[in-house]
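First comes the structure, then the notes that go with it.
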Amino acid sequence: MRRALELAGKAAGRTSPNPMVGAVIVKNGRVIAEGYHKKAGRPHGEIEALRKAGKRARGAQMFVNLEPCCHQGRTPPCTDAMIESGLKEVYVGMRDPNPRVAGKGIRRLKQAGITVHNGVLTPQCRRLNEAFAKYIQTGIPWVILKSALSLDGKIATATGQSQWITGPEARERVHRLRDRVDAILVGPGTVLKDNPRLTTRLKKGKGRNPARVILDGRGEIPLNARVFQRATREKVVYVTSPRASAVRLNRLRKTGVDVKILPDQNGHISLKKLIKILGRMGVTSLLIEAGSGLNASALKAGIVDKIVLFLAPLIIGGRTAPGVVGGAGIHNLKQALNLKNLTVTPVGADWMVEGYL
């Protein structure tokens with residue numbers, strides 16, 4: 001099952017809106033075939049493995065991290081092919097959260113006389129497909145809030161300098177995060193201060209650029225900002241309020257930018273409404289790379305599922321130096337947000353802290 005997970009993870013960021021699935025076929029204690037789902041629309045992991053195994057699959061065991069599908073989608077049901085292949089046993093990591101499957105695939109295999117063992121390395125399997133699980137059940141993207149900060153919690157100096165708080169290894173991890181998500185969300189402050197490209201820059205140019213979602217309720221971002229470049233080739237979504245000028249919006253549309261106008265509530269665009277729109281657009285995972293203001297708004301709106309912090313061994317100090325989360329803050333410690341299932345990983349000279357809300 002660990003090998004199935006390893007195979008599935010090779011397609012991270014490539015299978016959306018489908019899950020990542022790896023399959024390993026074993027016979028007489030030896031691996032005879034492997035496969036994984038490489039891209040949405042391509043054969044699923046089970047089919048890839050079965051094709052490689054051929055007639056040798058009869059009487060063999062299959063290990064797969066997610067319950068096989070039993071419905072017709074862009075590809076035929078995997079359960080039918082597994083039954084026809086003559087498999088003897090199937091080990092499943094977790095039940096498929098998709099309501100169209102949700103136990104039906106396992107039931108179909110059992111009805112065909114295949115012995116099914118469910119629940120192998122389930123926590124690891126759930127974590128691999130956490131974005132898929134949320135999206136398929138709610139239609140809302142899995143949201144990760146990411147930030148880089150000093151030991152004393154600062155994301156920049158009092159003068160606004162933030163490049164670079166963390167080292168090259170941590171920055172590469174950020175690009176790997178970008179490579180895995182469908183979209184990145186930033187606010188006007190980040191664009192005005194850093195003029196980022198928000199692209200994925202990995203070694204040998206292997207990175208995939210996610211869609212860029214630009215939140216700009218007041219129309220402050222200059223039209224020549226880097227985030228608007230290449231909009232004809234890569235998805236760029238500009239989210240603003242009815243206050244934005246028609247001239248600005250028309251100019252953006254002409255360059256290929258997808259403009260979304262949302263109601264302005266007390267000077268703020270509703271993030272809950274925004275992620276519902278993104279979900280309807282097929283965005284299954286969203287990475288927030290923003291400043292303290294948008295971070296505070298996202299946490300207050302309750303849209304964040306996971307937090308990833310890159311902690312650098314620096315002390316910045318300064319009363320006016322911004323922290324990770326701005327806004328009014330809380331008045332009582334009982335109101336503080338608690339992170340669960342915390343993991344801490346050394347990344348170069350820095351530390352990556354991951355936790356769930």
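Below 8 Å between Cα atoms, with a sequence gap of 6+, how large is the relative contact order for the chain in percent? Relative contact order here is 16 percent. With R₀ set to 25 Å, the beta-carbon distance separating K203 from A12 gives a calculated FRET efficiency near 0.95.
The residues of segment 59-132 expose on average 45 square angstrom of accessible surface per residue, using a 1.4 Å probe on protein heavy atoms. For the listed peptides 292-299, 211-218, 347-354, a ranking on the average number of other beta carbons within 10 Å per residue, highest first, reads 211-218, 292-299, 347-354. Dividing the mean sequence gap of close Cα pairs (under 8 Å, 6+ apart) by how many residues segment 24-69 holds gives a relative contact order of 42 percent. Give me the distance between the Cα centres of segment 278-312 and segment 112-179, rounded to whole Å. The distance from the Cα centre of segment 278-312 to that of segment 112-179 comes to 10 Å.
Counting only protein heavy atoms and a 1.4 Å probe, segment 185-267 has 54 square angstrom of accessible area per residue. Applying a threshold of 31 Å to the alpha-carbon distances of K38/K193; K154/K300; K39/K260 flags K38/K193 as lying beyond it. Estimated at 0.36 nm per residue, the fully extended path between L337 and V259 surpasses their Cα-Cα distance by 24.8 nm.
Could you check how much of the accessible area of the chain is carbon and sulfur, as a whole percent, using a 1.4 Å probe? Exposed carbon and sulfur together represent 50 percent of the surface. One Cα centroid belongs to segment 220-266, the other to segment 31-87; the line between them spans 43 Å. Per residue, segment 292-357 exposes 60 Å² of solvent-accessible protein surface, assessed with a 1.4 angstrom probe and all protein chains in place. Toward the positive end of the charge dipole of segment 188-255, with +1 on the Cβ of Lys and Arg and -1 on the Cβ of Asp and Glu, the farthest Cα among T200, T240, P188 is that of T200. Accessible area per residue was computed with a 1.4 Å probe on protein heavy atoms; I32 scores about 40 Å². Rounded to the nearest 0.05, the FRET efficiency derived from the C-beta distance between K55 and V353 at R0 = 41 Å is 0.25.
For the chain, a crude dipole built from +1 on the beta carbon of Lys and Arg and -1 on the beta carbon of Asp and Glu, taken about the Cα centre, is about 960 debye to the nearest 20.
What's the local net charge at K273, with K and R +1, D and E -1, over the other residues with C-beta under 14 Å away? Let's see the in-between values first.
On the way: positive: K260, K272, K276, R280; negative: D264.
Net local charge, K273 excluded: +3.
The values are calculated or read from the model by the stated rules, or taken from the named source; none is laboratory data. Keep in mind it's a predicted model, so treat the numbers as computed, not measured. With ideal geometry, Cβ positions are generated from the backbone for all residues, glycine too; neighbour counts draw on all protein chains shown. Side chains included, ligands, DNA and RNA excluded: accessible areas come from the protein's heavy atoms. Shrake-Rupley method; radii C 1.70, N 1.55, O 1.52, S 1.80 Å.
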